[in-house]
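Here, each number is a calculation from the coordinates, and none is a lab measurement. As the structure is a prediction and not an experimental result, all values here were calculated from the model. Cβ atoms come from the backbone with ideal geometry, glycine included; neighbour counts cover every protein chain shown.
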Amino acid sequence: MIVDSVLTNAKAYISKELVDCSLAVDNGKIFKIGKEANMPKASSKLDLKNLLVLPGLIDVHAHLRDEGKAYKEDFTSGTAAAAAGGVTTILDMPNNEPVTMSAEALRNRMEKAEKKVLVNVGFYSEFPKNVKEIANIVKEGALGFKLFMAEQIGGLNIEDDNAILEAFKIVSKLKASVAVHAEDRTMLKEAEQKLKRASRNDIEAFLEAHSENVEAQAVKRILNIITQTNTHVHFCHMSTQNGLEAVISGKKSGLSVTCETTPHHLLLSTEDFGRAGTLALTMPPIRQKRHVSALWDAIKNGWVDIIASDHAPHTLEEKKAKNIWNVKVGIPNLEIMLPLLLTEVKRGRLSIGDITTLMVENPARLFKLEGKGFLKEGNDADLTVIDLNSKYKIDASEFHSKAKYSPFDRQIVEGKPVKTLVNGKLVMDNGEIVSKTGSGKVIRRK
Ligand code: DOR
Ligand code: ZN
Ligand code: ZN
């Protein structure tokens, strides 16, 4: 038998250890892992020169836009950014135009993505107005639902706890998950109106509106709801001490709760606004240092399940609106998330094992991504190849994303994804996209 390719001289992360090995890849899957001498014949060979090989990174939180918001990002530019950042699978958020909240909208979105994606993409749906549609959305292949609590985006009335409970019960029966943006709309809007009436138009006002308790209150509300159903709830982008404490109390009481945080909440603080201005404006916002410390403590103690990018691209004009309340919130992170975190490995704050747990294994397990998350025979050949010694300066003007700015611009990072393989195909090589669109797959839940 002749397989598609053999990758030699890999230092691969297998069963929590770094193993010197070769990998044979065939038909998009890992065919064999072992010594070079035991590899089958192959159509092509790739010498990995002792570079680190991780199972492909899975980003469970990104806004790929496209359709009505393609001017900010489209499936090709967003997945090119992912490949450049060593990310082989993305879960796309539903606040699109049209909002992904029906089986039909999801089907259209998947069809469009199929032809354009360079890495694998799965989709969240917002909640539909009619809860009967939930089953159709799951049947269509959604990987999970999103509940955006800061503002009404989906069809489900976010002020109505009973309606949320009813929807969660259905989701739980279908064994799907709910990702929650935890910021309490009522508290947030009240604070915002008050600040607007006082003609406040500064970053400080934005931070006051999106207070710590706005996050904690939303978490508590959801925890209270899920005492009556065993729905898996995944809290997105946790950013505050109180919010985290609420999540941890939910975990301790045995609720089916997980959480994520992001590179910007871990690595930026309010002190960075002076330098980065509104480019660093996001929701929930970056916080004072005591919150950043709380996040790192929670990572150390195993309370954080996932690190995700929350890649949220906008145009530069949208980021620089004169009025703070009109600035579009979000940070494009896909291509620098891994280098930023590898730099923390160099600094001793994380290990390669932590990176793999938080950005590969837990995402695969919690979102039930079959064939992903581990390097083993039979699994998908999604691979992130890393040069741990490459030190360079982030240059946002070279991003593959349409959003060519970053609050991390010009920062020195150490550790770089140098090759990304998706379903056995080399998609990124030394920063260049070397594969045609369509090398990624749309992941549908079975
Ligand atoms: O900063 C954010 N940007 N927070 C969100 O919740 C939405 C996101 C976006 O879509 O731009
Ligand atoms: Zn969010
Ligand atoms: Zn988001």
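Of ALA205, VAL292, PRO363, which is farthest along the charge dipole of the chain in the positive direction, counting Lys and Arg as +1 and Asp and Glu as -1 at C-beta?
Positive-end residue among those listed: PRO363.
Of the trypsin sites (Lys or Arg not before Pro) in segment 1-106, which ones lie in a loop per DSSP and count no more than 13 other C-beta atoms within 10 Å?
Those that pass, being in a loop and sparsely packed, are LYS16, LYS35, LYS49.
Using the alpha carbon gyration tensor of the chain, what are the three equivalent-ellipsoid semi-axes (square root of 5 times each eigenvalue), largest first, in whole Å?
Equivalent-ellipsoid dimensions as semi-axes: 35, 25, 21 Å.
Using the Cα centre as the reference, give the magnitude of the dipole from point charges on the C-beta atoms of the chain (Lys, Arg: +1; Asp, Glu: -1; all else neutral), rounded to the nearest 20 debye.
Computed about the Cα centre, the dipole is about 460 debye.
LYS41 to ARG347: FRET efficiency via 1/(1 + (r/R0)^6), r the Cβ-Cβ distance, R0 45 Å, to the nearest 0.05?
For LYS41 and ARG347, the calculated efficiency is 0.55.
Quick check on packing: order 106-114, 192-200 by the mean number of other C-beta atoms within 10 Å, highest mean leading.
My ranking of the peptides, most packed first, is 106-114, 192-200.
Hey, with R₀ at 30 Å, roughly what FRET efficiency would GLU245 and ALA198 work out to, going by the Cβ-Cβ distance, to 0.05?
It comes to 0.50.
Which value, in debye to the nearest 20, gives the size of the charge dipole of segment 303-446 about its Cα centre, when Lys and Arg are +1 and Asp and Glu are -1 at the Cβ?
Around 340 debye, computed over segment 303-446.
Give the separation of the Cα centroids, segment 326-352 to segment 238-303, in Å.
Answer, in whole Å: 13.
Say the cut-off is 26 Å between C-alpha atoms; which of LYS49/LYS391; LYS11/LYS251; LYS49/LYS372 go over it?
In this structure, LYS11/LYS251 lie more than 26 Å apart at Cα.
Above 20 Å lies some portion of the pair distances; for segment 148-279, what is it as a whole percent of all C-alpha pairs?
Value for segment 148-279: 50 percent of Cα pairs lie more than 20 Å apart.
Could you calculate the FRET efficiency of ASP161 with LYS391 from 1/(1 + (r/R0)^6), where r is the beta carbon distance between them and R0 is 30 Å, rounded to 0.05?
Plugging the Cβ-Cβ distance into 1/(1 + (r/R0)^6) gives 0.05.
Testing the spin-label approximation: label points 7 Å from Cα along Cα→Cβ at LYS173 and LYS252. State their distance in nm.
It works out to 3.5 nm between the two label points.
In segment 1-155, with Lys and Arg counted as +1 and Asp and Glu as -1 at Cβ, which of these residues, ASN38, ALA70, PRO55, has the Cα nearest the positive end of the dipole, that is, farthest along it?
Result: ASN38, furthest along the dipole toward the positive end.
Taking the simple approach of a point 7 Å from Cα along Cα-to-Cβ for both LYS139 and ASP272, what is their distance in nm?
4.5 nm
What is the gain in length, in nm to one decimal, between MET1 and ASN108 on full extension, counting 0.36 nm per residue of separation less the C-alpha to C-alpha distance?
So the extension gain works out to 34.6 nm.
Within segment 335-360, what residues put their amide N at less than 12 Å from the label point 7 Å along the Cα-to-Cβ vector of LYS300?
Those under the cut-off are 349-350.
Work out the length of the dipole vector of segment 10-109 about its Cα centre, built from +1 on the beta-carbon of each Lys and Arg and -1 on the beta-carbon of each Asp and Glu, and round it to the nearest 20 debye.
420 debye
Calculate one ³J(HN,Hα) per residue across segment 321-334 by plugging θ = phi - 60° into the Karplus curve 6.51 cos²θ - 1.76 cosθ + 1.60, and present them in order as whole Hz with x for glycine and proline.
Running phi through 6.51 cos²θ - 1.76 cosθ + 1.60 with θ = phi - 60° gives 3, 5, 8, 4, 6, 9, 5, 6, 8, x, 10, x, 10, 4 Hz.
For the pair ASN323 and LYS289, how long in nm is the line joining their label points, each one 7 Å along Cα→Cβ?
About 3.6 nm separates the two model spin labels.
What does a probe at LYS368 reach in segment 92-130, counting residues whose amide N is under 16 Å from the point 7 Å along Cα→Cβ?
Backbone N within reach: 122-125.
Using Cα pairs closer than 8 Å and at least 6 residues apart in sequence, work out the relative contact order for the chain, in percent.
21 percent
Give a residue-ordered list of calculated ³J(HN,Hα) values for segment 70-82 (Karplus: 6.51 cos²θ - 1.76 cosθ + 1.60, θ = phi - 60°; whole Hz; x for Gly, Pro).
Values per residue, Gly and Pro as x: 5, 5, 8, 6, 10, 4, 6, 5, x, 7, 5, 4, 4 Hz.
What trypsin sites (Lys or Arg not before Pro) does segment 224-303 have in DSSP loop regions with at most 11 other beta carbons within 10 Å?
Sparse-neighbourhood loop trypsin sites (Lys or Arg not before Pro): none present.
How many angstrom separate the Cα center of segment 355-406 from the Cα center of segment 174-225?
So the two Cα centres are separated by 30 Å.
Output wanted: per-residue J couplings in Hz (rounded whole) for segment 190-206, from phi through Karplus 6.51 cos²θ - 1.76 cosθ + 1.60, θ = phi - 60°, x for Gly and Pro.
4, 5, 5, 4, 4, 5, 5, 4, 7, 6, 6, 8, 9, 4, 4, 5, 4
Give a quick list of GluC sites (Glu not before Pro) in segment 376-446 that DSSP marks as loop, anything other than H, G, I, E or B, with at most 14 other Cβ atoms within 10 Å.
Taking segment 376-446 and a limit of 14 other Cβ atoms within 10 Å, the loop GluC sites (Glu not before Pro) found are GLU377.
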